1. Note down the magnitude of the dipole of the chain about its Cα centre, charges +1 on Lys and Arg C-beta and -1 on Asp and Glu C-beta and zero elsewhere, to the nearest 20 debye.
2. Which one of Ile106, Ser58, Val26 is farthest out on the positive end of the charge dipole of the chain, using unit charges on Cβ (Lys, Arg +1; Asp, Glu -1) and the Cα centre as origin?
3. Could you run the Karplus curve 6.51 cos²θ - 1.76 cosθ + 1.60 with θ = phi - 60° over segment 55-60 and give me ³J(HN,Hα) per residue in whole Hz, x for Gly and Pro?
4. Which aspartates and glutamates does Lys67 reach when only Cα atoms under 17 Å apart count, and residues fewer than 8 places away in its own chain are ignored?
5. Evaluate the relative contact order of segment 24-89 (contact order divided by residue number), counting alpha-carbon pairs under 8 angstrom at least 6 apart; express in whole percent.
6. Checking a compactness column here: for the chain, what do you get for Rg(Cα) / (2.2 N^0.38 Å), N being the number of residues?
7. Hey, what did the chain get for relative contact order, percent, Cα under 8 Å, at least 6 apart?
8. If I take every Cα pair under 8 Å that is 6 or more residues apart in segment 59-128, average their sequence separation and divide by the length, what percent do I get for the relative contact order?
Amino acid sequence: PFYNLPVQPVYPGSVRYTQEVRQWPVPSKEDAEKLVVWWANFYGVNTEIALCIANAESGFNAAARNKLSSAAGVFQFIRSTFQSTSSRMDVPYSYEEYVLNAEVNIQMAMWLMKTDGVTHWVVWTKCV
């Protein structure tokens, strides 16, 4: 399946500290794992650590959203980290449009792990 095709936007009620975000097709856990492995290999990131962090953050659920923060997606990006990473990567991905896009979320996480390491994710100590 190709997960970068948007579905009709569905905007659930806003959650504390978050704005409405575009909904995207949600890959199966197995497909999300494959995306993590693919992008980890692409960026030269340790796949075991990347898979461990994704599992701890969202259970590979691309639609996961934290009710108390703006954390969302497979790697639970908060708005500010998503926006700054997008800017640093020089890609036109806004939080509201792309944080729940599994492939974008995973690609950006792998780029961030390659560039800055794994310390953006609190759970990293359980994965190394």
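Every number here is computed from the coordinates shown, using simple stated rules; none is lab data. It should be emphasised that the depicted structure is a prediction, and the values quoted were computed from it without experimental measurement. Heads up, the Cβs are rebuilt from the backbone with ideal geometry, glycines too, and the neighbour counts pull from every protein chain shown.
1. So the magnitude is around 300 debye.
2. Farthest towards the positive pole: Ser58.
3. With coefficients 6.51, -1.76 and 1.60, one gets 5, 5, 6, 9, x, 6 Hz.
4. Glu20, Glu57, Glu96
5. 24 percent
6. Against the compact-globule rule of thumb, the ratio is 0.96.
7. 28 percent
8. RCO, segment 59-128: 24 percent.
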